[in-house]
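The structure under discussion appears below in the form of structure tokens.
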Amino acid sequence: MKTKMTLKEWLPLIGMTISAFLVNTSEFMPIGLLTDISNDFNMTAAQAGVMITAYSWTVTILSLPLMLLACKIKPKKLLLGTLTVFAVCQVLSVISIGFPFLVVSRIGVACAHSIFWAIASPLAVRVVSKEHQSKALSAIITGTAIAMVLGMPLGRMIGLQIGWRMTFLCVAVISFLVLVYLAFVFPKIENTESFSINQLPELFKNSRLMITYIITFLFATGYYTTYSYIEPFLQKVAGFPSNIVTVTLMLFGIAGLSGSYLFSQYYDDHRFAFVQTVLFGFAGALALLYPASINMYMIILVCAIWGIAAMAFQTSFQAEIIRCVSTAASSVAMAIFSAIFNLGIGSGTWLGGVVYTNISLSFIGFVGAVIVLVGAFIGFIKFRNK
């Protein structure tokens, strides 16, 4: 029988969950504020979109090199240093005197993002006892889910009322408060083992890890082939008015909280069945997107299942990565996971655009489903044999 988590375990975990919310909110915010930012700098929204692309590519390219440079820093010092860079770069975004300055500040935020998501999950499982590690991972992903539900809408609301710069300022202020909080409650964790660049080839020889990365890339590509264009799909194919689109996307994020909860309840005892259900369930949801578009309630249900599977995937595959590498290698392995996931986001967004432009917006779900299904079959073979 599991014991309850202690206050000493909960306090740092709460701080890290709020940090996860802030990091992901910061990533999503510019999407909702793009028009305001472009107007402020007298440019088109497409031109202003460069800062979103720069952010994504920074995370993809620099996640591994930054983590290799930082892996010998003591965990608490690295976490606090990362959040300091994150908060300072938010302030730099506020005082941007030109668009290039804003892009550079966003690249700084992306660097902090790269390190944070490399260390967040490994540190979360180290501040709790072994029996509560699934709950700790679930808490970190919950921060992401809440950012999807509330982060971007709140950021957009603040931006529309008092300007986009104030949105970044709000994130900066809260980040500094969380930084102070974690400085007091986060325990000192020693690096029991160290990871060097010479060990990197051994990491890539880990067949179980490599298969997990392949599935991750396929999953992220299929996911964002569809998700990147879900708003126009709901409007033009399903015929949803704008307010119902907003509600549907919020329900998608809320459903993600359920995926995080299901992981904490069932992953440890039914690991293989859970992972297989998540992969095939996700592919099924994408495949049903267009057929379900004939009825509002059906498509909302499909989006809810999609949201559950999306969050359950992120928690379960981070857990799989932590399981198959040493403690010393976990942050580096997670940095690679983050880079591959972001590469999948870029690939999926590009592929979805090709489908949208050259075939039909109606087919984005089918194309995404096929890609995820390939990953699901690889996962079925991999997890069945372990």
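The values are calculated or read from the model by the stated rules, or taken from the named source; none is laboratory data. Note that the structure is a prediction, hence the values are computed from the model and not measured. Here the Cβ positions follow ideal geometry from the backbone for every residue, glycine too, while neighbour counts run over all protein chains shown.
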Evaluation of residue 268 against (1) of a type in the set (D, E, K, R); (2) over 28 Å from residue 11 (Cα atoms); (3) touching a residue at least 24 places away in the same chain (Cβ under 8 Å) (one fails), failing number: (2)
In the set 116, 86, 99, the lone residue that is at pLDDT 95 or above, aromatic (Phe, Trp, Tyr) and outside the structural domain of residue 304 (by TED's automatic domain parsing) is 86
Of all residues making up region 1-56, the number that are at pLDDT below 75 and closer than 20 Å to residue 143 by Cβ: 2
If you go through region 310-328 one residue at a time, how many are in a helix (DSSP H, G or I), touching a residue at least 12 places away in the same chain (Cβ under 8 Å) and either in contact with a Lys or Arg (Cβ under 9 Å, 6 or more places away or on another chain) or of a type in the set (Lys, Arg) (or both)? 4
I'm checking my understanding of the structure. Among residues of region 326-367 that are touching a Leu at 6+ places or on another chain (Cβ under 7 Å) and closer than 19 Å to residue 66 by Cα, which one is surrounded by the most Cβ atoms within 10 Å (Cβ to Cβ)? 333
Looking for something in a helix (DSSP H, G or I), modelled with pLDDT of 80 or more and within 25 Å of residue 260 (Cα to Cα) - is there at least one such residue anywhere in region 183-190? yes
Which residue, of 25, 53, is surrounded by fewer than 15 Cβ atoms within 10 Å (Cβ to Cβ), closer than 25 Å to residue 341 by Cβ and not aromatic (Phe, Trp, Tyr)? 53
